[in-house]
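Engineer: Before we start, here is the structure in question, set down as structure tokens.
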């Protein structure tokens, strides 16, 4: 008998599926738990725009998000990463975090 985890479904515990990107999972936790937004972890689509019709973050929340990202990932986002392309959605932000992490390791 195939288990839920074997099929890639979320375990009954509410934990994220094992195959999920850990950077995106951490970003979702920051948005749901630390920012002043009315979104639960499960409501957050990593591909949804961070602004306007997506998660509807405003400039104040964006500054908070940058601060949490830098602390939680122990990085300092480069000036050239602080642009609208980086903050399109959580997927683009995760890519910038991985790039910055790789640069700091080198």
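Engineer: Of all residues in the range 65-79, which are in contact with a helix residue (DSSP H, G or I) (Cβ under 7 Å, 6 or more places away or on another chain) and assigned to a loop (DSSP other than H, G, I, E, B)?
Structural biologist: 73, 75, 76, 77, 78
Engineer: Name the residue, out of 90, 62, 82, that is surrounded by 12 or more Cβ atoms within 10 Å (Cβ to Cβ) and either modelled with pLDDT under 95 or out of contact with any helix residue (DSSP H, G or I) (no Cβ under 8 Å at 6 or more places or on another chain) (or both).
Structural biologist: That would be 62, the only listed residue that is surrounded by 12 or more Cβ atoms within 10 Å (Cβ to Cβ) and either modelled with pLDDT under 95 or out of contact with any helix residue (DSSP H, G or I) (no Cβ under 8 Å at 6 or more places or on another chain) (or both).
Residues are listed down the side, and each one gets a yes or a no for (1) under 16 Å from residue 23 (Cβ atoms); (2) touching a residue at least 40 places away in the same chain (Cβ under 8 Å):
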{"position": "47", "(1), (2)": "yes, yes"}
{"position": "51", "(1), (2)": "no, no"}
{"position": "56", "(1), (2)": "no, no"}
{"position": "61", "(1), (2)": "no, no"}
{"position": "65", "(1), (2)": "yes, no"}
{"position": "71", "(1), (2)": "yes, no"}
{"position": "80", "(1), (2)": "no, no"}
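Engineer: Determine whether residue 45 is at pLDDT 95 or above, on the phi < 0 side of the Ramachandran plot, part of a loop (DSSP other than H, G, I, E, B) and loosely packed, with under 15 Cβ neighbours inside 10 Å.
Structural biologist: So residue 45 fits the description; yes.
Engineer: Among the listed residues 37, 31, identify the single one that is in a helix (DSSP H, G or I) and either over 22 Å from residue 101 (Cβ atoms) or at pLDDT 95 or above (or both).
Structural biologist: 31
The values are calculated or read from the model by the stated rules, or taken from the named source; none is laboratory data. The structure displayed is predicted, hence computed values, not measured ones. Heads up, the Cβs are rebuilt from the backbone with ideal geometry, glycines too, and the neighbour counts pull from every protein chain shown.
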